[in-house]
Amino acid sequence: MWDGFREECGVFAIHGHPEAANLVYLGLYALQHRGQESAGICSSDGEMIHSHKAMGHVAEIFTPEVLRALPGRQAIGHTRYSTAGETVLVNAQPFSVACNKGRIAVAHNGNIINAAELRRELERNGSIFQSSSDTEVILHLVACSRERTLAGALREALLQLEGAFSLVFLAEDRVIVARDPHGFRPLAVGQMELSGGEKGYVFSSETCAFDLINAVYLYDVEPGEMVMAGPEGLTRERYAPARDHAYCVFEHVYFSRPDSIVFGRSVSESREMLGRLLARECPAEADVVVPVPDSGVAAAIGYADESGIPFRHALIRNHYVGRTFIEPSQAIRDFGVKLKLNPIRRLLEGKRVVLVDDSIVRGTTSRKIVRMVRSAGAREVHLRVSCPPTISPCYYGVDTPTRRELIAANSTVEEIRRFVEADSLGYLSMDALRQAVADERGEYCYACYTGVYPTELVHLEDLLASKPRKA
Ligand code: AMP
């Protein structure tokens with residue numbers, strides 16, 4: 001069944017470095033938060049493309065032996081998380097093929113919303129697909145193109161795609177990256193100085209990966225732009241006509257790391273501002289401000305600073321919870337949340353608590369956390385959310401459930417408050433969200449909060465409603 005929807009992912013690429021695969025490994029390590037299900041690296045030694053993909057975390061997959069088998073001066077990598085696609089290795093990226101344009105590999109962050117139509121047409125013309133991922137469509141389009149050069153074929157393929165894509169391609173001697181004309185997902189360009197004055201070029205979903213490898217952040221790939229790193233150096237080309245920009249605001253609210261610069265803006269600055277504005281719009285009479293770690297930390301710091309209420313790290317997160325944890329057969333209430341979070345009773349007992357988190361999706365986790373804080377002795381729990389109510393699913397690469405499962409799509413704020421069992425509940429306004437990300441020119445996508453989508457979606461909602469989901 002076609003189920004290649006909504007993948008949260010990170011991409012990384014490097015050109016012109018003798019230790020290309022090692023550096024991609026480090027890049028992916030810094031992007032691990034963007035996807036924990038599978039990871040892969042493809043490298044090129046100038047003739048062959050070498051590939052290794054597996055399920056699991058980057059640090060487990062890429063042992064020294066595996067990395068030694070990925071030679072060459074250029075490489076790309078991908079880390080993937082998908083609740084929607086099948087959780088199988090065939091969907092792990094990068095994908096690679098040998099076609100009349102040579103050997104190529106691709107890795108993708110985003111979601112191509114017309115992939116099902118393109119796939120049907122390609123299959124009618126004889127293409128045979130190996131995965132259920134929307135990304136594979138791109139390789140087939142490139143292979144089918146009558147253009148003689150790879151860059152020409154890529155241009156032709158990209159112009160047929162609708163939706164969100166930040167792509168990294170690997171060819172025998174070059175790396176080509178591209179961003180969709182709306183610029184939904186981030187993609188940054190960096191540079192590394194090599195010994196002898198040579199330069200290596202790096203590309204990453206987030207700039208935190210550059211910091212780890214001592215690369216310098218140069219600029220973002222522009223929406224509708226293709227950037228090529230080859231033997232001739234770095235070249236930039238606009239492949240698509242300009243469209244309205246639609247940068248995903250959720251990258252700043254939740255998804256990206258706070259130490260990254262995303263869409264030219266510090267994520268940490270946005271998050272702190274979200275918290276400050278939240279304190280102004282939704283004040284509370286309270287004794288402590290407590291974040292839901294990690295996602296609520298920066299906003300809670302902003303809230304505490306602005307309100308003058310002391311900040312306390314009263315919920316401690318265990319970062320080492322594996323995906324394959326075996327639940328005990330004996331039922332323990334709220335076990336899933338207890339595995340990840342534990343309250344510090346000393347900081348909560350008898351206190352009126354402002355609990356700050358970045359979002360409420362279904363409301364079930366939030367309710368468990370409110371209960372946990374209360375059972376640790378809190379007298380009152382005032383939940384504050386550093387974004388507006390999430391009322392619409394994302395079709396551009398963030399994992400959100402269908403509208404039916406989104407609590408704010410079907411309930412009032414008061415009904416949600418009752419569901420999560422908080423004493424009060426406050427969400428940030430749309431105006432404040434715009435202000436927090438400094439969106440003066442209307443360049444962000446807010447579809448999950450407004451239901452107004454920057455592209456046509458047609459029948460996607462029906463398809464999603466009928467699609468099986470992992471719990
Ligand atoms: P719930 O109360 O069940 O809606 O869960 C809310 C929690 O889910 C918050 O702590 C969010 O940080 C987290 N969250 C929101 N969106 C996502 C997402 N796309 N992927 C993973 N976690 C998310």
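The values are calculated or read from the model by the stated rules, or taken from the named source; none is laboratory data. A quick note: this is a predicted structure, and the numbers were derived from the prediction, not measured. With ideal geometry, Cβ positions are generated from the backbone for all residues, glycine too; neighbour counts draw on all protein chains shown.
Given region 23-106, what strands (runs of 3 or more DSSP E) lie entirely inside it while holding 3 or more residues that are small (Gly, Ala, Ser) and either surrounded by fewer than 17 Cβ atoms within 10 Å (Cβ to Cβ) or touching a residue at least 24 places away in the same chain (Cβ under 8 Å) (or both)?
Working: elements: 38-44, 49-55, 74-81, 95-99.
Of the strands (runs of 3 or more DSSP E) lying wholly inside region 23-106, those with at least 3 residues that are small (Gly, Ala, Ser) and either surrounded by fewer than 17 Cβ atoms within 10 Å (Cβ to Cβ) or touching a residue at least 24 places away in the same chain (Cβ under 8 Å) (or both) span 38-44.
Given (1) farther than 24 Å from GLY10 by Cβ; (2) part of a loop (DSSP other than H, G, I, E, B), identify the lone condition not met by ALA151.
(2)
List every residue pair whose Cβ atoms sit under 9 Å apart, with the two residues 6 or more apart in sequence or on different chains, where the first one lies in region 343-363 and is closer than 23 Å to PRO283 by Cβ and among the β-branched types (Val, Ile, Thr) and the second, anywhere, is part of a strand (DSSP E or B) and away from the ligand (no atom under 15 Å from the Cβ).
VAL353/VAL288; VAL353/VAL289; VAL353/GLU380; VAL353/HIS382; VAL354/VAL288; VAL354/VAL289; VAL354/HIS382; VAL356/VAL289
Just the residues that are on the phi > 0 side of the Ramachandran plot and either out of contact with any Gly (no Cβ under 8 Å at 6 or more places or on another chain) or at pLDDT below 95 (or both), please, taken from region 2-34.
Taking region 2-34 first, the residues on the phi > 0 side of the Ramachandran plot are 6, 16.
If the condition is that a residue be on the phi > 0 side of the Ramachandran plot and either out of contact with any Gly (no Cβ under 8 Å at 6 or more places or on another chain) or at pLDDT below 95 (or both), then ARG6 is the only one that fits.
Every residue in region 337-348 that is exposed (fewer than 15 other Cβ atoms within 10 Å of the Cβ) and within 10 Å of the ligand (Cβ to nearest atom), please.
Selection gives nothing.
Matching residues to (1) in contact with a Leu (Cβ under 9 Å, 6 or more places away or on another chain); (2) within 22 Å of ALA229 (Cα to Cα):
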{"position": "TYR29", "(1), (2)": "yes, no"}
{"position": "GLU37", "(1), (2)": "no, no"}
{"position": "ILE41", "(1), (2)": "yes, yes"}
{"position": "HIS52", "(1), (2)": "yes, no"}
{"position": "GLY56", "(1), (2)": "no, no"}
{"position": "GLU65", "(1), (2)": "no, no"}
{"position": "ILE76", "(1), (2)": "yes, yes"}
{"position": "ARG80", "(1), (2)": "no, no"}
{"position": "ASN100", "(1), (2)": "no, yes"}
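Please state which one of ALA378, ALA422, ALA436, ALA447 is in contact with a Lys or Arg (Cβ under 6 Å, 6 or more places away or on another chain) and either of a type outside the set (Phe, Trp, Tyr) or surrounded by fewer than 17 Cβ atoms within 10 Å (Cβ to Cβ) (or both).
Values: ALA422 fails: in contact with a Lys or Arg (Cβ under 6 Å, 6 or more places away or on another chain); ALA436 fails: in contact with a Lys or Arg (Cβ under 6 Å, 6 or more places away or on another chain); ALA447 fails: in contact with a Lys or Arg (Cβ under 6 Å, 6 or more places away or on another chain).
That would be ALA378, the only listed residue that is in contact with a Lys or Arg (Cβ under 6 Å, 6 or more places away or on another chain) and either of a type outside the set (Phe, Trp, Tyr) or surrounded by fewer than 17 Cβ atoms within 10 Å (Cβ to Cβ) (or both).
Quick check, is ARG243 touching a Ser or Thr at 6+ places or on another chain (Cβ under 7 Å), farther than 20 Å from LEU26 by Cα and surrounded by 14 or more Cβ atoms within 10 Å (Cβ to Cβ)? So that I can check it myself, show each step before the final result.
On the way: touching a Ser or Thr at 6+ places or on another chain (Cβ under 7 Å): no; farther than 20 Å from LEU26 by Cα: yes; surrounded by 14 or more Cβ atoms within 10 Å (Cβ to Cβ): yes.
Spelling it out, it is not the case that ARG243 is touching a Ser or Thr at 6+ places or on another chain (Cβ under 7 Å), farther than 20 Å from LEU26 by Cα and surrounded by 14 or more Cβ atoms within 10 Å (Cβ to Cβ).
Hey, any hits in region 350-369 for a residue that's within 27 Å of ASN109 (Cα to Cα), in the same structural domain as CYS448 (by TED's automatic domain parsing) and hydrophobic (A, V, I, L, M, F, W, C)?
yes
With respect to the numbered conditions (1) closer than 30 Å to SER205 by Cα; (2) among the polar types (S, T, N, Q); (3) within 14 Å of the ligand (Cβ to nearest atom), which one is the sole condition not fulfilled by ASN410?
The one condition ASN410 does not meet is (1).
Could you list all residues from region 367-382 that are without any contact (Cβ under 8 Å) to a residue 60 or more places away in the chain, touching a strand residue (DSSP E or B) at 6+ places or on another chain (Cβ under 8 Å) and within 12 Å of the ligand (Cβ to nearest atom)?
Scanning region 367-382 gives a single hit, VAL370.
Cβ-Cβ under 8 Å, sequence separation 6+ or interchain: first residue in region 252-267 and under 16 Å from CYS387 (Cβ atoms) and free of Cβ contacts under 8 Å to residues at least 40 places away in the same chain, partner away from the ligand (no atom under 14 Å from the Cβ) and of a type in the set (D, E, K, R). Which pairs?
Hits for this filter: VAL267/ASP259.
Quick one: in region 107-121, of everything that is surrounded by fewer than 20 Cβ atoms within 10 Å (Cβ to Cβ) and in contact (Cβ under 8 Å) with a residue 12 or more places away in the chain, which residue is nearest to PHE184 (Cα to Cα)?
ASN114
For LYS351, are the conditions met, namely being within 14 Å of the ligand (Cβ to nearest atom) and either among the hydroxyl-bearing types (Ser, Thr, Tyr) or touching an Asp or Glu at 6+ places or on another chain (Cβ under 7 Å) (or both)? Step through it out loud before you land on a result.
On the way: within 14 Å of the ligand (Cβ to nearest atom): no; either among the hydroxyl-bearing types (Ser, Thr, Tyr) or touching an Asp or Glu at 6+ places or on another chain (Cβ under 7 Å) (or both): yes.
No.
What are the residues in region 314-334 that are surrounded by fewer than 14 Cβ atoms within 10 Å (Cβ to Cβ) and modelled with pLDDT of 70 or more, if any? Steps first, answer last, please.
Pass one, region 314-334, residues surrounded by fewer than 14 Cβ atoms within 10 Å (Cβ to Cβ): 316, 318-333.
The answer is ILE316, ASN318, HIS319, TYR320, VAL321.
Quick check on region 383-407: of everything there that is closer than 25 Å to ASN109 by Cβ and among the aliphatic types (A, V, I, L, M), which residue is farthest from the ligand (Cβ to nearest atom)? Break it down stepwise before answering.
Narrowing region 383-407 to residues closer than 25 Å to ASN109 by Cβ: 386-388, 390-403, 405-406.
Still in the running and among the aliphatic types (A, V, I, L, M): 391, 398, 406.
Numbers: ILE391: 13, VAL398: 5, LEU406: 9 Å.
Only one residue fits best here, namely ILE391.
Return a yes/no flag: does region 90-106 have any residue that is of a type in the set (A, V, I, L, M, F, W, C) and within 19 Å of LEU212 (Cβ to Cβ). Break it down into steps so the answer makes sense when it comes.
As a first pass, look at region 90-106 and keep what is of a type in the set (A, V, I, L, M, F, W, C): 90, 92, 95, 97-99, 104-106.
Now restrict to residues that are within 19 Å of LEU212 (Cβ to Cβ): none.
The answer is no, given that none of the residues of region 90-106 is of a type in the set (A, V, I, L, M, F, W, C) and within 19 Å of LEU212 (Cβ to Cβ).
Return the only residue of SER386, SER366, SER392 being crowded, with 24+ Cβ neighbours inside 10 Å and in contact with a Ser or Thr (Cβ under 8 Å, 6 or more places away or on another chain). Step through it out loud before you land on a result.
Working: SER366 fails: in contact with a Ser or Thr (Cβ under 8 Å, 6 or more places away or on another chain); SER392 fails: crowded, with 24+ Cβ neighbours inside 10 Å.
Exactly one of SER386, SER366, SER392 is crowded, with 24+ Cβ neighbours inside 10 Å and in contact with a Ser or Thr (Cβ under 8 Å, 6 or more places away or on another chain), namely SER386.
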